[in-house]
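Scroll down for the structure; my scribbles are underneath it.
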Amino acid sequence: MKKTAITLSLAAFAVALQASASGKWTLQGVEYAVDTLSHYRVGPGTTVTIVDLAGPVKQRVFYTVTDLSHPDVEIKTICGKDELRSNLTVPDMVAQHADHDNVYFAGVNSDLFSATGPIGSTVVDGEVYKTAKTSTAWRAAGYDSDGAVYFGTAQAYFSARLNGKGGCSPDYVNVPRVQGESIVYTRRWGKTTGTESGETGVEVAMKPLGGGLDAGGYTEYEVLSAPEVNKGNMSIPEGGIVLSSAKSSQFDMLKAAKAGDVFRLGTSFNIKGQGYGVEHYCTGLREMSGGNPLLLEKGVILDTDDALDHLKSRRPRTALGCDATGRRMVMLVVDGDKLNSGISAGCASKDLAAMMLATGCTEAVNFDGGGSSTLYTERFGVLNRPSDGSLRRVRNGWFVTTPNTGDNEVAEIAFADPVKRINPGETYTPVIYGYNKAGLLVDTNVKGVVLSCAPALGSVSSDGASLKVGGEGLFRLEAKSGAMTASIAVYAGDWQSGITDVAPDADAHCLLSNHVRAGSNAVLSLAAPAEVAVYALSGHMMLSRRYDAAGSVELPTAALPCGVYIVKAGAQTMKLIIR
């Protein structure tokens, strides 16, 4: 597990702030009003947000934001039933994947697929499942051991030696072989190579002397038996490989192989993406999933209309993206098609790119869409409405995980609502979420929580579970369960003209001033490391950021328009006015 930390740049946040200001997103020059339906933390370093966009059409967008520098977060991919040609729904991938060491707490479907597997290069837990042929011009997302994601054209490079001699390096892994190519087949492909009998070629079966085919290093194999010449469809040993060559320059060397010989195969990847300016050599590549086309590079929306035949149409879509650091990752799904008529129209690829830009991404790639589009969380299942009317089985998925410690004890509580707007006289019964000490959501309805608030504005029921608002104003509602506390800002009625500060407790987080000039950053004094978010009065989150140390810090509020905002720092809420 990586332990690096990173401070996100103000420039990266400025993109999201400008797009989200006043609760609006701009998609291809068209403004959409944003209504935040839900925003909450789902696991370590990860939030879920669901928004409705109102403009020329309606859109419902579901997305997660993950801080990949968080020490308890990693990305993992799953490919069907751990093989290339099997399909499973996204939840079933998690349920049937034999990984008891990790909790897969959020994920999306990933690559588009063909009859022989995902179209693009595929790496799972450091093992090469497939390398796409360069003729496909397919793109990919990669995740490395440094905890960053990268986007671009993935290229694999192989070096091979048989008994210490070179000259038999393969071209690809687990793709159909044609004349002039040398292919490595593993059991992720199937039980046999599928090559045709009578085709000119040599096939050699080998067993591993280590683990699976390493995506960023060397793997050694021992030859099991004499090569087969022009026979085809060779059986692939369990856990082993077959080197299947139709490249005449390799025939003499491979024909001379005998049982007990050692084959040493080295693999390396690089991802060529203009968004990073240089090639990224993935010496520590852990996961890779194909996708196409790239949607964003360096914050610029790309011309993707003709990259695939359906990208101009309004359809459900899935995308993966990150900011310029590569460590703030967004998984996003937008619903569409007939099933979601009247709720979400779906979007073309350029609008999808604009949505990723609005969430703070500078790089993004298109994943499989239509009925395949699925956003999954471990506690709530599938959040969106896949347009087939049921979950579609797909080839692979991209997931956010955390170590499975077996810890389901609630160590922290939080309101499900980020802020609450209510009319005087109404009653509010909040839902309280519970998190374990790593920040994983383990309880979606914590019982026995007692509420408290300013008596002049509201009264709490005898069991402490509900609040009845009696007057207009802004105040802090607090929930307590044992030693755990949480709070949100509650605002009732037309109260802004007589607004009063929401004062923090002594020795706690506080704004040095509740008033700042437009174009300036607010200064926050933190009593301890904290997650900080700023909300508009609509409930829309305008920015979020984690601070890893106590002390005075600047909130990047300079891009926000004048108005009243709610600042939430850890369990505390404060009011901020920008004039």
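Among the residues of segment 106-124, count how many are more than 19 Å from G371 (Cβ to Cβ), surrounded by fewer than 24 Cβ atoms within 10 Å (Cβ to Cβ) and either touching a Ser or Thr at 6+ places or on another chain (Cβ under 6 Å) or modelled with pLDDT of 95 or more (or both). Matching residues across segment 106-124 total 1. For segment 327-373, a residue qualifies if it is over 13 Å from the mean Cα position of the chain (by Cα), open to solvent by less than 10 Å² (accessible area, probe 1.4 Å) and among the polar types (S, T, N, Q), and the qualifying residues are N340, S344, S349, S372, S373.
Residue count for segment 192-210 under the criterion of being assigned to a strand (DSSP E or B), open to solvent by 20 Å² or more (accessible area, probe 1.4 Å) and more than 30 Å from S145 (Cα to Cα): the result is 1.
Hey, among the residues in segment 425-461 that are among the polar types (S, T, N, Q) and either assigned to a strand (DSSP E or B) or open to solvent by 30 Å² or more (accessible area, probe 1.4 Å) (or both), which one's farthest from K480 (Cα to Cα)?
So in segment 425-461, the residues among the polar types (S, T, N, Q) come out as 427, 429, 436, 444-445, 452, 459, 461.
Next cut, either assigned to a strand (DSSP E or B) or open to solvent by 30 Å² or more (accessible area, probe 1.4 Å) (or both) only: 427, 429, 444-445, 452, 459, 461.
Numbers: T427: 19, T429: 14, T444: 16, N445: 14, S452: 8, S459: 16, S461: 14 Å.
Across segment 425-461, the extreme among qualifying residues is T427.
In segment 211-224, the qualifying residues are those that are closer than 20 Å to G190 by Cα and among the small types (G, A, S), and the one that is surrounded by the fewest Cβ atoms within 10 Å (Cβ to Cβ) is G211. Being part of a loop (DSSP other than H, G, I, E, B), at pLDDT 95 or above, within 30 Å of F113 (Cβ to Cβ) and in contact with a Cys (Cβ under 9 Å, 6 or more places away or on another chain) is a property that R188 has. Taken over segment 231-264, the criterion of being open to solvent by less than 30 Å² (accessible area, probe 1.4 Å) and among the β-branched types (V, I, T) is satisfied by I236, I241, V242. When R187 is tested against (1) in contact (Cβ under 8 Å) with a residue 60 or more places away in the chain; (2) touching a strand residue (DSSP E or B) at 6+ places or on another chain (Cβ under 7 Å); (3) charged (D, E, K, R), just one condition goes unmet, and that condition is (2). Would you confirm, using the coordinates I've provided, whether S487 is open to solvent by less than 40 Å² (accessible area, probe 1.4 Å), at pLDDT 80 or above and in contact with a Ser or Thr (Cβ under 7 Å, 6 or more places away or on another chain)? So S487 passes the test.
Anything in segment 535-557 that is modelled with pLDDT of 85 or more and more than 22 Å from the chain's Cα centre (by Cα)? List them, or say none.
The first filter runs over segment 535-557 and keeps only residues modelled with pLDDT of 85 or more, leaving 547, 549-557.
A549, A550, G551, S552, V553, E554, L555, P556, T557, listed by residue number.
The values are calculated or read from the model by the stated rules, or taken from the named source; none is laboratory data. Keep in mind that what you see is a predicted model, and the values were worked out from it rather than measured. Heads up, the Cβs are rebuilt from the backbone with ideal geometry, glycines too, and the neighbour counts pull from every protein chain shown. When the accessible area is computed, the model is the full protein with side chains, heavy atoms only, and any ligands, DNA or RNA have been set aside. Shrake-Rupley method; radii C 1.70, N 1.55, O 1.52, S 1.80 Å.
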